[in-house]
Every structure is written in structure tokens, then in C-alpha cells.
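The values are calculated or read from the model by the stated rules, or taken from the named source; none is laboratory data. What you are looking at is a predicted structure, and each value in this text was computed from that prediction instead of being measured. Cβ placement follows ideal geometry from the backbone for every residue including glycine, while neighbour counts extend to all protein chains displayed. Accessible surface is based on the protein model in full, side chains and every heavy atom, while ligands, DNA and RNA are left aside. Shrake-Rupley method; radii C 1.70, N 1.55, O 1.52, S 1.80 Å.
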Amino acid sequence: MWATVVVVIAVAALIGRLGWVQVVWGPALAEQAHEQRARVYVEPARRGEITDRSGTPMAYTMQARSLTVSPDLLRKELREQDFNEMRAEGATEGLSEEEVARRLDDSVEKTLQEMADQIPEMIAASSSDDAETPGAADSDKDSDKGDKDKDSEKDSDKKDSEKDDKSDKDKDKDGRKDAGEVDSDEILDKLHADTHYEVLVRNVDPDVATGIAARFHGVAADHQDVRQYPNGAVGDNVVGRVSMDGQGQFGLEASADATLTGINGRTTEDVSTDGQVIPGTLRDAVPAQDGESVSLTLDLELQTYVQQLLEQAKANSGAKSAEAVVLDAHTAEVLAMANTGTIDPNGDVEKQVEQGKDFENPTISAPYEPGSVAKIMTASAAIEEGKTTPDEVHQVPGSIDMAGVTVRDAWDHGTVPYTTTGIFGKSSNVGTLMLAQRVGEDKFADYLNRFGIGQPTGVELPNESAGLLPTREQWSGGTFANLPIGQGMSVTALQMAGIFQALANGGERVEPRIIREVTGPDGQVREQEAPATTRVVSPETARTVIDMFRAVTQEDPSGAQQGTGANGAIEGYQTSGKTGTAQKVDPNTGAYSMSDFWITFGGVVPADNPRYVIAVMVDDPDRGVEPGGSGGQSAAPIYRDIGSWLLNRDNVPLSKPMEGKLILQAG
């Protein structure tokens with residue numbers, strides 16, 4: 001009887017216990033088991049490519065792997081595996097708990113040390129094999145770059161990635177290294193970390209990473225995209241750069257990040273305790289949507305030439321910096337947008353920053369006073385409003401008083417009979433203000449707005465500055481003595497180019513564009529919104545002003561009919577432009593400096609049939625921009641060299657010879 005009672009009580013207890021586990025603990029245990037089994041795998045979307053206008057790559061993504069691990073989970077699983085093996089072999093019998101724990105600690109540590117030693121060896125062995133068999137194909141990269149030599153490309157990409165990762169110390173604070181800098185001690189430290197996630201090695205060849213993951217329990221070969229910039233510093237002020245986690249940081253990589261990134265895919269599968277996938281558990285599969293590719297309006301050959309030319313000009317002149325923008329005269333597409341001091345993203349970024357280089361794009365973000373280049377707007381307003389003609393003769397004194405402000409020309413002279421063309425060809429401040437007075441303040445303010453001064457251009461790049469233009473309500477008496485001659489306002493190089501583009505395009509300003517087209521992963525081209533346009537002056541006025549400003553590059557041995565930018569002339573072609581020398585503000589006095597200047601030049605080529613607009617700025621040069629410091633204090637030679645290169649490269653027909661010379665100073 002007592003045996004029956006005991007059995008009944010035991011059975012009842014077991015039933016109660018089973019019911020408690022099933023009903024009370026059941027949902028939580030089921031959820032815990034699900035979390036332990038389920039693994040969510042992310043399939044990263046491929047970032048879109050960036051190319052120049054002819055399809056030459058400027059940024060693309062290569063496929064690699066990162067070796068990752070969960071240190072705390074790894075040590076726990078290794079300990080459980082070793083304990084199960086010891087128990088199955090009977091090795092735990094007769095041992096105290098402390099002794100079993102000690103042996104398990106030793107076994108786990110031995111495995112971790114083995115991993116730390118062998119992972120670098122496997123990567124190094126792979127690198128040696130690649131060097132011996134440079135022609136071997138890499139099947140895991142066939143989707144990256146078509147039919148190129150995959151293995152040599154892999155080796156090159158790895159080296160570039162190593163440089164990039166090493167130089168990105170400010171973004172990668174935990175000191176993680178890539179496959180070229182694998183250190184056993186560092187790996188061991190990470191395997192000992194009390195964390196849930198560590199990156200052991202970055203930028204590992206996919207085949208090697210897969211082999212390492214299969215060899216060592218708990219190591220995963222996570223997909224990693226390595227962004228490549230094959231042209232180095234060329235165009236990188238426009239293209240920008242992505243961070244280590246694949247997000248755009250600068251330039252187009254930042255402003256078009258959503259377009260380029262795409263949408264990651266994901267799948268869920270269950271795995272066993274030893275990390276093996278359980279067949280038939282694949283679920284919740286969502287395919288990745290690759291990012292769209294962007295074709296820029298930039299001409300990579302031209303961009304390369306202009307950047308090299310600017311660096312040479314900076315070195316020749318001792319300037320702080322130099323920048324230039326080249327536009328298509330009619331579409332306002334940006335053909336080149338260059339500045340000095342551009343970082344090579346494939347090099348040591350930290351070292352380059354110490355040298356004063358950066359990822360910024362000052363052609364759109366760093367405005368400056370244009371100086372006399374802005375006088376072309378005053379000329380346009382005066383001609384459009386019918387206040388003068390190109391051949392009208394003005395008796396121009398050496399100075400003029402406007403609202404108590406006395407303005408002089410850059411050279412001393414008495415009253416001189418300059419034509420309207422001569423006022424601008426000689427860059428007379430006094431003559432320019434005489435014509436501005438005819439136009440009037442309200443009308444002149446309207447023309448500044450039409451030319452886009454004080455407004456962002458709308459180009460598809462980040463950090464664009466609107467420049468500076470005081471509102472009409474803020475004008476004082478002295479404001480109108482400054483603005484018509486290019487003082488008291490600031491513009492970017494792109495805005496300055498836009499002024500000349502409007503005149504080269506028959507008086508209609510077109511919003512500049514840097515993106516030519518966007519192509520989806522399916523090959524479909526997405527239609528781009530048409531750029532906005534603004535009618536600035538009539539076609540007749542535009543043609544007249546362009547013809548007038550041919551005087552700036554006109555040469556005359558006697559000097560009487562020579563313009564201020566004669567060294568900007570291009571043999572065989574008509575040229576039209578304007579020089580500028582803008583005084584900087586002395587931070588110590590708050591007044592205009594007599595020794596620090598922005599040297600500018602804006603122009604159109606050819607003048608008789610405009611195709612290109614060129615805007616140049618040289619910041620505070622000590623001497624000329626040509627070899628040996630020659631060329632005078634002018635940016636005109638840079639305009640000339642860029643224009644000559646384009647005209648020659650594109651086989652542009654020669655201009656018809658001009659009939660006689662333009663009259664700048666009446667006899």
C-alpha cells in the first residue's frame with residue numbers, strides 16, 4: 001500500500017512538474033530555444049557605381065569578407081563542447097568540480113591560442129599563393145568587374161583596402177586591422193573580450209575567409225563591401241568617400257547616399273549547437289535590392305588635367321590654393337570642378353590631413369569676393385537697359401565720389417576718353433561706377449538676382465554655399481560704390497562660372513548639373529528632372545557683351561588698346577573674359593588689405609561660338625602662376641591653358657579672324 005502511495009505521489013509530482021513546464025515555463029523556454037537556434041543572415045545590397053560622363057569608373061564596390069566572432073558565446077560553446085566530450089569519454093569521473101573547471105579552462109585557452117596563431121598563417125599563405133599565380137581566376141569576384149583578371153584585381157584591391165583602413169584611424173577607434181596587418185596577439189585579445197561582437201580581420205579574400213570559418217567554430221565570414229577609388233585624388237572633391245560601415249561621408253557619396261546604397265536583403269535559418277544549418281528551416285527570405293549607379297557630367301580626362309594644372313599654378317605662384325570650374329556653355333553641365341589639396345582616399349588620409357589636404361569642395365562651399373570679374377554684370381545691365389553702347393566714349397576721371405565714398409582706379413590717371421568697351425577692357429572702377437549710376441540701384445539689384453548672386457546654384461552636391469549678397473533693404477550709400485565693381489559680395493567658383501554661362505547661352509542662365517543620369521540595377525535609366533532656367537538678358541545683349549569683353553584678352557604693342565588679360569588669349573581663337581583682383585579683408589584692421597588678394601578670371605571660349613565656360617580663382621599668390629612665377633598677377637594663363645587643351649582635344653574649328661582691333665581708348 002505504501003509503495004502504491006509513493007508511486008502515485010511521484011507520478012502526480014511528475015505530472016504537475018510537466019504541466020508547470022509546459023504551461024508556465026513553456027512559452028519562455030520555446031522563445032529561448034528559438035533565439036538560440038535562429039540566425040538572421042543579412043545580404044548587403046551592392047552600392048552603385050559612380051562614373052564620369054563616358055562611363056569611366058570613379059568609384060565602385062569590390063566584394064570581400066570580414067572575419068567576425070562573438071567572443072563570450074564562443075568561449076561558452078567551446079566549454080560546453082569540451083565538457084560533453086570529457087563526460088562521453090569518462091574523463092570527468094573521480095574529478096572535483098574545481099579540477100573539471102580548470103581542465104576546461106585550459107582546453108578552451110588552447111583552442112583560442114590555436115585560432116590566434118593559425119588565422120594569420122592561413123591569410124599569409126593565401127597572399128603568397130596569389131603572388132605565385134597572378135593569373136588564377138577568382139570565381140567569387142565575377143560579379144564585381146566583369147571579365148577582368150580576377151586574381152590580380154583581388155590582390156590589388158586588398159592592398160588598396162589596407163591603405164584605406166589604416167588611414168581611417170579616426171573612424172576605426174578600436175584599432176581593428178585588415179588582412180595585411182593581422183597580428184596573433186591582437187586576435188587573441190579579441191577572443192578574450194567580454195563582448196558579443198568583434199571583427200578579427202577585415203578585407204579578407206572571400207575564399208580564404210570561407211575556409212577559415214569552416215576550420216574554426218564560431219568564426220563567421222561576413223560579407224564586406226570594399227569601396228574602390230581607382231583615380232585617387234582626381235575628382236575626389238566631387239565623388240567624396242564612404243565610411244568603414246559603407247555610409248557616404250563626403251561629396252556625392254554623401255548627397256546621393258540613398259540612391260547609391262540600395263536595400264539589404266535578409267534570410268532566417270536555424271542552426272544546431274555546433275553551428276551547422278538545420279535543413280528545411282530557411283524562411284523569411286527577402287532579396288537584396290542593389291543601389292543605383294550614377295553617371296556624372298565630369299570629363300575625367302579634363303578633370304585630371306585641370307587638377308594637375310592647378311597644383312602646378314599653386315606651386316609656381318606660392319598661392320594658398322587654387323580652384324577652377326569648367327561648364328558646358330549651353331547645358332551648364334559641370335565638365336570639371338577642381339581644387340588643390342584634394343585627398344587621395346587610397347592613401348594615408350591622416351598624413352594627408354596633417355599636410356593640409358581635405359575632402360572638401362571649395363568650388364561650391366568657400367565663397368570669396370570676385371573683384372572685377374563681377375563688372376561683366378554691370379556691363380550687361382547697362383547694355384540691356386539701353387544706357388550705353390559698346391563704342392560710346394566716356395570721359396573717365398581718376399576717381400569718383402559716391403555717397404561720401406571715394407573710389408579710384410588701380411592706376412593713377414587724369415581724365416581719359418575710354419569707350420564702354422575700354423572701361424571693361426581696362427577694368428576701370430570709375431568708369432564702371434559711372435555706368436552703374438545710369439542703371440540705378442534698384443535695377444542693378446534686380447540683375448544681381450537674375451545672375452544668381454547670393455543664391456545656391458542647386459547643383460546636386462552637399463555643403464553648397466549661397467555666397468553673400470546684402471538684400472536691397474540693407475544697402476547703404478557705400479554699398480552701391482562696391483557691388484558694381486565686385487566688392488561687398490561673395491560668390492563661389494561655380495556661381496562665377498554661372499554668370500558667364502548665362503551670357504554664353506544667349507542670356508539664359510541654366511541651373512548647373514553634376515549628375516548626367518542614374519541607372520537602376522536592372523539597367524533602366526531613371527529620367528532626371530530638367531534644370532531650372534532664368535532669363536537674365538536678351539540674346540542680343542548677351543552677344544554684345546561677349547563681343548565687348550574680347551577686349552580683355554586683346555593685345556596691343558602700344559598698350560593703348562590692350563586689355564588686362566592679354567596673356568589669356570588663345571592663338572587662332574576668339575576669347576572673351578574678365579580679370580579680377582579682389583582685396584581680402586585684413587582681420588587685424590577690418591579694412592581691405594593692400595597685400596592679400598583673390599585673383600580671378602572668368603571667360604568663354606571660343607567667343608564667336610561659345611562652347612565652354614571657365615572660371616578660375618587663385619588665393620593670394622606671391623607671383624605669377626606660370627613656370628618661374630611669370631604671367632603677372634593674373635589667373636588668365638590658367639584660363640588660356642584649359643581652353644587650349646579643350647579646343648585641341650575636341651578639334652574645335654578655328655575662329656574667324658577679327659576685323660581690326662576693338663577700341664578701348666579713343667584718340
Whole-Å distance linking the alpha carbon centroid of the stretch 312-372 with that of the stretch 426-475 is 24
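Under 20 °C and 1.002 mPa s, how fast does the chain diffuse according to Stokes-Einstein, given a Kirkwood radius computed over C-alpha pairs? Answer in µm²/s, whole number. Mind dumping the intermediate values first?
Numbers: Rh = 29.5 Å.
Diffusion coefficient, whole number: 73 µm²/s.
Would you please put 544-556, 461-473, 81-93 in order of how densely packed they are, using the mean number of other Cβ atoms within 10 angstrom per residue and starting with the highest?
544-556, 461-473, 81-93
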Between residue 353 and residue 7, the two model label points (7 Å from Cα along the beta-carbon direction) sit apart by a distance in nm of 8.0
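May I ask you to list, by number, the DSSP H helices of the chain whose Cα span along the axis is at least 18 Å and whose average Kyte-Doolittle hydropathy reaches -1.0 or more? Can you show the working numbers first?
On the way: long enough: 2-19 (25 Å, 2.11); 71-88 (26 Å, -1.42); 97-132 (52 Å, -0.82); 150-167 (25 Å, -3.03); 300-317 (25 Å, -0.46); 636-649 (20 Å, -0.19).
The answer, listed by residue number, is 2-19, 97-132, 300-317, 636-649.
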Kirkwood calc, the stretch 314-431, C-alpha pairs only, radius in angstrom 18.2
Of every hundred units of 1.4 Å-probe accessible area on the chain, the number belonging to carbon and sulfur atoms, as a percent, is 50
With the 1.4 Å probe rolled over protein heavy atoms, the stretch 493-603 has an accessible area per residue in Å² of 42
Expressed in square angstrom to the nearest 10, the accessible area of residue 25 with a 1.4 Å probe stands at 100
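Quick one: plug the Kirkwood hydrodynamic radius of the stretch 529-629 (C-alpha pairs) into Stokes-Einstein at 4 °C, 1.567 mPa s, and report D in µm²/s.
For these conditions, the coefficient is 82 µm²/s.
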Projecting the Cα atoms of 647, 417, 55 onto the charge dipole of the chain, where Lys and Arg contribute +1 and Asp and Glu -1 at Cβ, the residue farthest towards the positive end is 417
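Quick check: residue separation of residue 36 and residue 214 times 0.36 nm, minus the Cα distance between them. What number comes out in nm?
On the way: separation 178, 0.36 × 178 = 64.08 nm, distance 2.00 nm.
Value of the extension gain: 62.1 nm.
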P(r) over all Cα-Cα pairs of the stretch 199-278, 10 Å bins from 0 to the longest distance, whole percent per bin, short to long, reads 15, 33, 29, 17, 6, 0
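With a 10 Å radius around each residue's Cβ, average the other Cβ atoms per peptide and rank 590-599, 416-425, 612-621, highest first. Don't skip to the answer; put the middle values down first.
Numbers: 590-599: 14.8, 416-425: 25.3, 612-621: 27.0.
Order by mean packing, descending: 612-621, 416-425, 590-599.
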At the level of C-alpha centres, the distance separating the stretch 5-74 and the stretch 534-612, in angstrom, is 67
Scoring the chain by relative contact order with C-alpha pairs under 8 Å, at least six apart, yields a percentage of 14
Computed from every Cα-Cα pair in the stretch 250-398, P(r) in 10 Å bins starting at 0 and rounded to whole percents is 8, 20, 23, 17, 13, 10, 4, 2, 2, 1
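Using R₀ = 25 Å, calculate the FRET efficiency as 1/(1 + (r/R₀)^6) where r is the Cβ-Cβ separation of residue 331 and residue 389; round to 0.05. Could the numbers behind the result be given before it?
Values: r = 31 Å, r/R0 = 1.25.
FRET efficiency, residue 331 to residue 389: 0.20.
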Measure of exposure for residue 122: accessible area at 1.4 Å probe, Å² rounded to 10, is 60
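Run the dipole for the chain about the Cα centre, Lys and Arg Cβ at +1, Asp and Glu Cβ at -1, nothing else charged, and hand back the magnitude in debye, nearest 20.
On the way: 62 positive and 111 negative charges, 611 e Å.
In total the dipole reaches around 2940 debye.
Here is the link list: 357/578; 357/656; 443/578; 314/656; 314/426; 387/661. Which ones come out longer than 32 Å on Cα distance?
Values: 357/578 30 Å; 357/656 44 Å; 443/578 22 Å; 314/656 34 Å; 314/426 26 Å; 387/661 24 Å.
Correct reply: 357/656; 314/656.
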Calc'd 3J(HN,Hα), the stretch 245-261, phi into Karplus 6.51 cos²θ - 1.76 cosθ + 1.60 (θ = phi - 60°), Hz, glycine/Pro = x, comes to 8, x, 9, x, 10, 9, x, 5, 4, 8, 5, 10, 4, 5, 6, 7, 6
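Highest first, please rank the peptides 47-57, 491-501 by the mean number of other Cβ atoms sitting within 10 Å of their residues.
Numbers: 47-57: 18.6, 491-501: 28.6.
Going by the mean number of other Cβ atoms within 10 Å, highest first, we get 491-501, 47-57.
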